[in-house]
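Working notes for the structure below.
The values are calculated or read from the model by the stated rules, or taken from the named source; none is laboratory data. Predicted model only: the values in this text are computed from it and were never measured. Neighbour counts run over all protein chains shown; Cβ positions are idealised from the backbone, glycine included. Each accessible area value is taken on the protein alone, full model and side chains, heavy atoms only, with ligands, DNA and RNA left out. Shrake-Rupley method; radii C 1.70, N 1.55, O 1.52, S 1.80 Å.
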Amino acid sequence: MKLLLLLKLLALELTLVCVHAEGETSATRKNFNLKKIEGKWYSVGLASDKREMIEEHGSMRVFVEDIHVFENSSLAFKFHTKINGECTKQYLVCDETDKDGEYFVKYHGQNKFTMLDTDYDGYIIFHLRNVNNGETFQLMELYGREQDLSSNIKEKFTELCKKHGIVEENILDLTEADRCLQARGGGKA
Ligand SMILES: *[C@@H]1O[C@H](CO)[C@@H](O)[C@H](O)[C@H]1NC(C)=O
């Protein structure tokens, strides 16, 4: 009887440990090498719980070109959006908030984002929350060092999106879309 109780307690403890670990899946933590995310990227996947944001003409239908990491840990994103059918260059500097690994930027409202996962030389996954006029939505992005990624990585992205409550039909594969590849230029931002 005592052994059973002990086992139950152990099981409960394990569950708690797992829940705790789940809550901390952000990649942007102490052992994370921020500098290594620098350089060229391509937008491969895009998801939102407010689909119109990432559809054609949506303000969050953005295509990354390059990330720069400043000495002060701020990030600069060079990307393109289509405005009236034209690929338009955008450049945003995002500063770290007082939460480790969380970034802030103003773009169609107030945005806070974190990096959920990366292997540095293959893919990176971002999670963003936008607040604008009291309304909010989530955005999730999958970037690749190449123009496309393996189905394994894409699946991982899909699972992470679902975990954040984004339904499958709101997860876009951008590899067949016009991602303004022709508008990419050489040189660093
Ligand atoms: C960090 O440095 C960059 C480049 O000089 C600058 O644009 C940005 O505002 C700085 N961020 C903070 C929080 O000081």
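Structural remarks
- Length gained on full extension, Ser73 to Val93: 6.1 nm, using 0.36 nm per residue less the C-alpha separation.
- Near-label residues of region 157-182 by backbone N, under 11 Å of a point 7 Å along Cα→Cβ of Glu135: none
- With all protein chains modelled, accessible area of Asp148 [1.4 Å, Å²]: 80
- Split the accessible area of region 27-184 by element, probe 1.4 Å, and carbon with sulfur accounts for 46%.
- Additional length obtainable on full extension of the chain from Glu38 to Gln110, 0.36 nm per residue less Cα span: 23.6 nm
- Region 27-184, relative contact order in percent, only Cα pairs under 8 angstrom and at least six apart counted: 27
- Over 25 Å between alpha carbons, listed pairs Lys112/Lys154; Lys78/Lys112; Lys36/Lys162; Lys40/Lys112; Lys50/Lys78; Lys106/Lys154: Lys36/Lys162; Lys106/Lys154
- Computed from point charges on the beta carbon alone (+1 for Lys and Arg, -1 for Asp and Glu), the dipole magnitude for region 27-184 about its Cα centre is near 320 Debye.
- Local electrostatic count, Arg129, Cβ distance below 14 Å [Lys/Arg +1, Asp/Glu -1]: 0
- Between Glu159 and Thr175, full extension at 0.36 nm per residue minus the direct alpha carbon distance yields a gain of 3.9 nm.
- Prolate/oblate/rounded call for region 27-184, Cα gyration tensor, a/c under 1.5 rounded: rounded
- Summary of the geometry: region 138-189 and region 43-87, compared by the centres of their Cα atoms, lie 10 Å apart.
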